1. Cα axis of helix 23-50 to longest principal axis of the chain: angle in degrees, 0 to 90, nearest 10?
2. With a point put 7 Å past each Cα toward its Cβ, work out how far Ala65 is from Ile22 in nm, to one decimal.
3. Count charges around Ala54 for me, please; just the other residues with Cβ under 10 Å from its Cβ, Lys/Arg as +1, Asp/Glu as -1.
4. Relative contact order for the chain: what is it in percent, counting Cα pairs under 8 Å that are at least 6 residues apart?
5. Measure nothing fancy, just the Cα-based angle from helix 7-17's long axis to the longest principal axis of the chain, in degrees from 0 to 90, nearest 10.
Amino acid sequence: MQLAPLIPLLLLPFALIFFVVIFPLWGTALGVLGLLLLAARGVDWLLKKLGVDAFGGIVSGLRRAFRWVLTFAGFTERKK
């Protein structure tokens, strides 16, 4: 029990790596994919009004990629 106060100090490098490196990259990836998905949905909506259905696959692929990044590569949905 005397070594218990050292546990936070031992875990500090892992916390720093997560919050300084991984979390900002995850947020940036969500932002970029979100903007791409929004733009693709807009172009898809416009093309559907013109009678062309060419962007359906792109929108579904971007939606799937956005969901994958949002759930930490499916980590949060593995128990389902």
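All of the numbers you see were taken from the coordinates with simple rules; none came from a lab. Not measured: the values here are computed from a predicted model. Counting neighbours? That spans all protein chains shown, and the Cβs are built from the backbone with ideal geometry, glycine included.
1. That helix lies at roughly 10 degrees to the long axis.
2. 2.3
3. On the way: positive: Lys48; negative: Asp44, Asp53.
Cβ neighbours under 10 Å give a net charge of -1.
4. Details: 29 pairs, mean separation 21.5, N = 80.
Dividing the mean separation by the residue count of the chain yields 27 percent.
5. For 7-17 against the chain, the angle is about 30 degrees.
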